[in-house]
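**Student:** What follows is a single structure, and I will ask about it in a moment.
The values are calculated or read from the model by the stated rules, or taken from the named source; none is laboratory data. Note that the coordinates shown come from a computational prediction; the quantities given were computed from them, not determined experimentally. When we count neighbours, we look across all protein chains shown, and the Cβ atoms used for this are built from the backbone with ideal geometry, even at glycine.
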Amino acid sequence: MENETLATELLHELKASAKRWFIIAIIELVVICGITGAFLWYISLPVEEMTIEQESDRNSFNNVGGYINGIETEDNVPETGN
């Protein structure tokens with residue numbers, strides 16, 4: 001007996017749709033777990049540390065833009081027109 005009513009047809013479509021969404025959710029869960037595992041593996045990799053030692057003499061200074069330690073030098077003084 002074929003008693004396909006609108007309600008039973010909608011229930012069959014709902015069941016198929018729910019099954020598709022469940023499969024998508026499982027795939028998404030696997031992807032998220034994979035990304036998390038890859039990140040944890042990445043942060044546990046050994047890191048090569050290196051130190052840089054720089055020797056400096058006490059007489060050196062930085063002259064950037066005409067200023068030496070906040071004091072304006074002659075290179076940066078505006079000219080006055082007399």
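**Student:** Criterion first (exposed (fewer than 10 other Cβ atoms within 10 Å of the Cβ), part of a helix (DSSP H, G or I), at pLDDT 90 or above and of a type outside the set (Phe, Trp, Tyr)) does Leu29 satisfy it?
**Tutor:** no
**Student:** Test Ser56 against the stated conditions and say whether it is of a type in the set (Gly, Ala, Ser), surrounded by 10 or more Cβ atoms within 10 Å (Cβ to Cβ), modelled with pLDDT of 60 or more and more than 21 Å from the chain's Cα centre (by Cα).
**Tutor:** no
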